[in-house]
1. For Cys131, which sequence-distant residues (separation of 5 or more, or a different chain) have an amide H within less than 5 Å of its own amide H, given hydrogens modelled in the peptide plane?
2. Determine the shape class of the range 22-109: with a ≥ b ≥ c the square roots of the Cα gyration tensor eigenvalues, call it rounded for a/c under 1.5, and otherwise prolate if a/b is greater than b/c, oblate otherwise.
3. Tell me, what is the percent relative contact order of the range 1-64, built from C-alpha pairs under 8 Å that lie six or more residues apart?
4. Name the residues whose placed amide hydrogens come within less than 5 Å of the amide hydrogen of Ile46, ignoring near sequence neighbours (fewer than 5 apart) on the same chain.
5. Restricting to Cα pairs below 8 Å that are 6+ residues apart, what does the relative contact order work out to for the chain? Please round to a whole percent.
6. Quick check on the exposure proxy: order Val126, Val34 from fewest to most C-beta atoms within 10 angstrom.
7. Out of all DSSP beta bridges in the chain, what portion is antiparallel? Express it as a percent rounded to 5.
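What follows is calculated from the coordinates using simple rules that are stated; it is not laboratory data. Just so you know, these numbers come straight off a predicted model, no measurement behind them. Every residue, glycine among them, receives a Cβ derived from its backbone with ideal geometry; neighbour counts consider all protein chains shown.
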Amino acid sequence: MTYTDEFLRKILKRTRVIACVGVSMNPVRPSYFVARYLGLRGFKVIPVNPGHAGKRLFGAEIYPDLASIPKDAKVDMVDIFRRPDAVPGIVDMALDALPDLKTIWMQIGVEHDEAAQMAEARGIDVIQNRCPKIEYQRLFGELRMGGFNTGVVSSKL
């Protein structure tokens, strides 16, 4: 899938509350450090993992599934850290349970075209096989610290 920088930037700028499905409590797991990073960048991150439901991560309660998140949480993006075969059920639940949903984001290695089409048919933006942490860093100039050419000019004379 190819997405324009403008499209990705628009999504990241409008997003406020992210439900992170499949988040781990293990700090070496990608889902942990992506959720932590997004929280540090000002996004409200709601962790979702049935194996850790009721525990707390980054100061937030971990929910067993998307349907358990209170409606007043105003989740506008779901970030999926699950195998592709789990995506249709997650998307179904997100469409039914999250009235403020605007984006379904599938992490690197996660794609499911039928689930994406189902969400898009309901007016939801879908991103597959990308990481919001990497895209945020790339689009807003933070990757330069790692020596990456982001195309963002950050020095001023």
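1. For Cys131, whose amide H was placed from the backbone, the distant partners under 5 Å are Ile108.
2. Note, shape of the range 22-109 comes out rounded.
3. It comes to 27 percent, rounded to a whole number.
4. Ile18, Ala19, Cys20
5. It comes to 19 percent, rounded to a whole number.
6. Ranking Val126, Val34 by Cβ neighbours within 10 Å, fewest first, gives Val126, Val34.
7. The antiparallel fraction comes to roughly 10 percent.
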